[in-house]
Amino acid sequence: MEPVEERFLRYVRINTQSCAGQEAIPSTACQWDLANLLVEELRALGVEDASVDEHCYVMGHIPANLPEGATAPAIGFISHMDTATETSGEGVNPRIVENYQGGPIVINEELGMVLDEEHFPTLSKHIGDDLIVTDGTTLLGADNKAGVAEIMSLVEYLHENPDTPHGPLSIGFTPDEEVGRGADLFDVEKFGAELAYTVDGGELGELEYENFNAASAVVKITGKVVHPGSAKNRMRNAALLACEFAALLPATEIPATTEGREGFFHLGSIEGDVATATLDYIIRDHDRERFEERKRIMEQAAALMNARYGCECVELFITDQYYNMKEQILPHMELVELAREAMEDTGIEPLIIAVRGGTDGARLSYMGLPCPNLCAGCEYAHGPFEHCSVQALQKISDMLVALVQKFVKPAA
């Protein structure tokens, strides 16, 4: 078998960065490069129906290999191919720091970029590991090419070990997850699984079946332009009103001051001048009631501003994005319990957490495909300090092999 880290290194060198605000899926043409390669590799590994559709969704199926009388449900594994928008994914130049023994890792001396335990405390868990790091000029792409590589290693293992019992398996790779559209055109019926997992989590051991309820909010403010010399009681400065609106929201309920299951308002961008201004927010909370209350708080802020200035100068547009998958997973907790057992069987300590974000699986769970999230081994994603452990990639690949066998029920 090809070592999973070599497969991973091949994939991260292929630029698949997505782009927000595009109507088309995929949002970038470069995502086709990895999609087409994966189809070729799946077919070479015996997945005869592997294909990529017109929107860059890769799918394939592996028939059941069960002893006589045994049964197993159809299980799916999904990872996204695209990388995040915040940091370049072009020209990724990874290197392996072998047998890490603690202390700082200089990833780019010229730029003064250093990985150290003070700022990246999980490094202390990797003593003795081989760490894959960036050269400081791009992200690594372990989110989520680690998951892609691990699923492909599962496929390769089953191809080379045909006596390993498993039920029907569905394999899927999606575009545009990082811009919130990975599940938009996912064909659940074609995928054919009853239950599934996304392999898109962080550090080794993470197992997630709770995520944020999520919405986007756009605030558009219309000002009144008057010459500053004669502006008294006439001018309405949209840029200042934007600052005023932001100040009406709870100052301590932002990403920088929250953790765990604490929700937040996140101002992603603000731009404007005297005439017009726009604020782009995301709203997040694990609790559905608090999530709805956060939307009401924004509505009240807009209403207060309009009442204060006696006009409809503030417009608010809120769009729900996805919901907490917990509601859909609870009736299928065997997904969580069997994953926990597979982790323990392969020497991984399970870490069940509520993810402070979302995955394709959150939306797929509401499309009729219950889909918790498994660790992929990526740490500090979306930036040049992203890294992962070779040993984590290997253990997660082994865990997936153990997991597919967990669903097999022997003949009565």
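Quick one: which strands (runs of 3 or more DSSP E) lie wholly within region 1-105 and hold at least 1 residues that are under 26 Å from residue 183 (Cβ atoms) and under 19 Å from the mean Cα position of the chain (by Cα)?
Working: elements: 58-62, 75-80, 95-97.
Once the strands (runs of 3 or more DSSP E) in region 1-105 are filtered for at least 1 residues that are under 26 Å from residue 183 (Cβ atoms) and under 19 Å from the mean Cα position of the chain (by Cα), what remains is 58-62, 75-80.
Look through 23, 2, 48 and report the one residue that is over 20 Å from residue 156 (Cα atoms) and either touching a strand residue (DSSP E or B) at 6+ places or on another chain (Cβ under 6 Å) or not aromatic (Phe, Trp, Tyr) (or both).
Working: 2 fails: over 20 Å from residue 156 (Cα atoms); 48 fails: over 20 Å from residue 156 (Cα atoms).
After ruling out the rest, the residue left standing is 23.
Output the residues belonging to region 198-207 that are within 12 Å of the chain's Cα centre (by Cα) and either over 14 Å from residue 348 (Cβ atoms) or outside any strand (DSSP E or B) (or both). Break it down into steps so the answer makes sense when it comes.
Step one: of region 198-207, the residues within 12 Å of the chain's Cα centre (by Cα) are 198-202.
Within region 198-207, 198, 200, 202 meet the criteria.
Hey, could you check region 135-163 for residues that are hydroxyl-bearing (Ser, Thr, Tyr) and farther than 24 Å from residue 43 by Cα and say which is farthest from the chain's Cα centre (by Cα)?
Step one: of region 135-163, the residues hydroxyl-bearing (Ser, Thr, Tyr) are 137-138, 153, 157.
Within this subset, residues satisfying the condition of being farther than 24 Å from residue 43 by Cα are 137-138.
Details: 137: 21, 138: 18 Å.
Here the answer is 137.
So, restricting to helices (runs of 4 or more DSSP H) that lie completely within region 332-412, which ones have at least 2 residues that are modelled with pLDDT of 95 or more and surrounded by fewer than 23 Cβ atoms within 10 Å (Cβ to Cβ)? Show your work before the answer.
Numbers: elements: 334-345, 360-365, 390-406.
Result: 334-345, 390-406.
Is there a residue being modelled with pLDDT of 95 or more, of a type outside the set (S, T, N, Q), farther than 30 Å from residue 274 by Cα and surrounded by fewer than 17 Cβ atoms within 10 Å (Cβ to Cβ) anywhere in region 317-327?
Scanning region 317-327, I find no residue that is modelled with pLDDT of 95 or more, of a type outside the set (S, T, N, Q), farther than 30 Å from residue 274 by Cα and surrounded by fewer than 17 Cβ atoms within 10 Å (Cβ to Cβ), so the answer is no.
Just checking, how many residues over region 213-255 are surrounded by 14 or more Cβ atoms within 10 Å (Cβ to Cβ), out of contact with any strand residue (DSSP E or B) (no Cβ under 6 Å at 6 or more places or on another chain) and of a type in the set (Lys, Arg)?
Count: 0.
Considering only residues that are of a type in the set (Gly, Ala, Ser) and closer than 30 Å to residue 294 by Cα, which ones fall in region 183-214? First the steps, then the outcome.
First, the residues of region 183-214 that are of a type in the set (Gly, Ala, Ser): 183, 192-193, 196, 201-202, 205, 214.
Scanning region 183-214 gives 183, 201, 202, 214.
Within region 231-244, identify whether any single residue is outside the structural domain of residue 364 (by TED's automatic domain parsing), free of Cβ contacts under 8 Å to residues at least 40 places away in the same chain and either among the basic types (Lys, Arg) or touching a helix residue (DSSP H, G or I) at 6+ places or on another chain (Cβ under 6 Å) (or both), and answer yes or no.
Within region 231-244, the first condition is being outside the structural domain of residue 364 (by TED's automatic domain parsing), and the residues that meet it are 231-244.
This time we only want the ones that are free of Cβ contacts under 8 Å to residues at least 40 places away in the same chain, so: 231-235, 237, 239-240, 242-243.
Pick out the ones that are also either among the basic types (Lys, Arg) or touching a helix residue (DSSP H, G or I) at 6+ places or on another chain (Cβ under 6 Å) (or both) and you get 232, 234.
Scanning region 231-244, I find at least one residue that is outside the structural domain of residue 364 (by TED's automatic domain parsing), free of Cβ contacts under 8 Å to residues at least 40 places away in the same chain and either among the basic types (Lys, Arg) or touching a helix residue (DSSP H, G or I) at 6+ places or on another chain (Cβ under 6 Å) (or both), so the answer is yes.
Residue by residue through region 53-104, note down the ones that are under 26 Å from residue 363 (Cα atoms) and of a type in the set (S, T, N, Q).
Correct list: 79, 83, 85, 87.
Please verify whether residue 181 is in a loop (DSSP other than H, G, I, E, B), basic (Lys, Arg), at pLDDT below 95 and more than 26 Å from residue 311 (Cα to Cα), treating the condition exactly as stated. Let's see the steps before the verdict.
Numbers: in a loop (DSSP other than H, G, I, E, B): yes; basic (Lys, Arg): yes; at pLDDT below 95: yes; more than 26 Å from residue 311 (Cα to Cα): yes.
Judged against the criteria, residue 181 is a match.
For residue 41, indicate whether it is buried (at least 16 other Cβ atoms within 10 Å of the Cβ) and either touching a Gly at 6+ places or on another chain (Cβ under 6 Å) or closer than 22 Å to residue 381 by Cβ (or both).
Numbers: buried (at least 16 other Cβ atoms within 10 Å of the Cβ): yes; either touching a Gly at 6+ places or on another chain (Cβ under 6 Å) or closer than 22 Å to residue 381 by Cβ (or both): no.
So residue 41 does not fit the description; no.
Pairs needed: first member in region 86-110, under 16 Å from residue 135 (Cβ atoms); second member anywhere, buried (at least 18 other Cβ atoms within 10 Å of the Cβ) and among the aromatic types (Phe, Trp, Tyr); C-beta distance under 8 Å; at least 6 residues apart or different chains.
Short answer, once both residue conditions are applied: 107/385.
Among the residues in region 193-204, are any aliphatic (A, V, I, L, M), over 16 Å from residue 362 (Cβ atoms), assigned by TED's automatic domain parsing to the domain that holds residue 367 and touching a Cys at 6+ places or on another chain (Cβ under 7 Å)?
yes
Answer yes or no: is there a residue in region 114-130 that is assigned to a helix (DSSP H, G or I), assigned by TED's automatic domain parsing to the domain that holds residue 202, touching a residue at least 12 places away in the same chain (Cβ under 8 Å) and in contact with a Cys (Cβ under 6 Å, 6 or more places away or on another chain).
Scanning region 114-130, I find no residue that is assigned to a helix (DSSP H, G or I), assigned by TED's automatic domain parsing to the domain that holds residue 202, touching a residue at least 12 places away in the same chain (Cβ under 8 Å) and in contact with a Cys (Cβ under 6 Å, 6 or more places away or on another chain), so the answer is no.
Is it the case that some residue within region 98-112 is under 30 Å from residue 31 (Cα atoms), surrounded by fewer than 14 Cβ atoms within 10 Å (Cβ to Cβ) and of a type in the set (A, V, I, L, M, F, W, C)? Can you show your working first?
We begin by selecting, within region 98-112, every residue under 30 Å from residue 31 (Cα atoms); these are 107-108, 111.
With the extra rule that they be surrounded by fewer than 14 Cβ atoms within 10 Å (Cβ to Cβ), the set shrinks to 111.
From the residues that got through so far, the ones that are of a type in the set (A, V, I, L, M, F, W, C) too are 111.
Scanning region 98-112 turns up at least one residue that is under 30 Å from residue 31 (Cα atoms), surrounded by fewer than 14 Cβ atoms within 10 Å (Cβ to Cβ) and of a type in the set (A, V, I, L, M, F, W, C).
Determine if region 352-372 includes at least one residue that is over 22 Å from residue 178 (Cα atoms) and either touching a Cys at 6+ places or on another chain (Cβ under 8 Å) or not aromatic (Phe, Trp, Tyr) (or both). If you could, list the steps in order and put the result at the bottom.
Narrowing region 352-372 to residues over 22 Å from residue 178 (Cα atoms): 352.
Now narrow it down to the ones that are either touching a Cys at 6+ places or on another chain (Cβ under 8 Å) or not aromatic (Phe, Trp, Tyr) (or both): 352.
So far as region 352-372 goes, yes, one or more of its residues are over 22 Å from residue 178 (Cα atoms) and either touching a Cys at 6+ places or on another chain (Cβ under 8 Å) or not aromatic (Phe, Trp, Tyr) (or both).
Which of the residues that make up region 189-212 are surrounded by fewer than 21 Cβ atoms within 10 Å (Cβ to Cβ) and touching a helix residue (DSSP H, G or I) at 6+ places or on another chain (Cβ under 8 Å)?
Answer for region 189-212, where residues must be surrounded by fewer than 21 Cβ atoms within 10 Å (Cβ to Cβ) and touching a helix residue (DSSP H, G or I) at 6+ places or on another chain (Cβ under 8 Å): 195, 203, 210.
The values are calculated or read from the model by the stated rules, or taken from the named source; none is laboratory data. Because the structure is predicted, anything quoted here is derived from the model rather than measured. Here the Cβ is made from the backbone with ideal geometry for all residues, glycine too, and neighbour counts use every protein chain on show.
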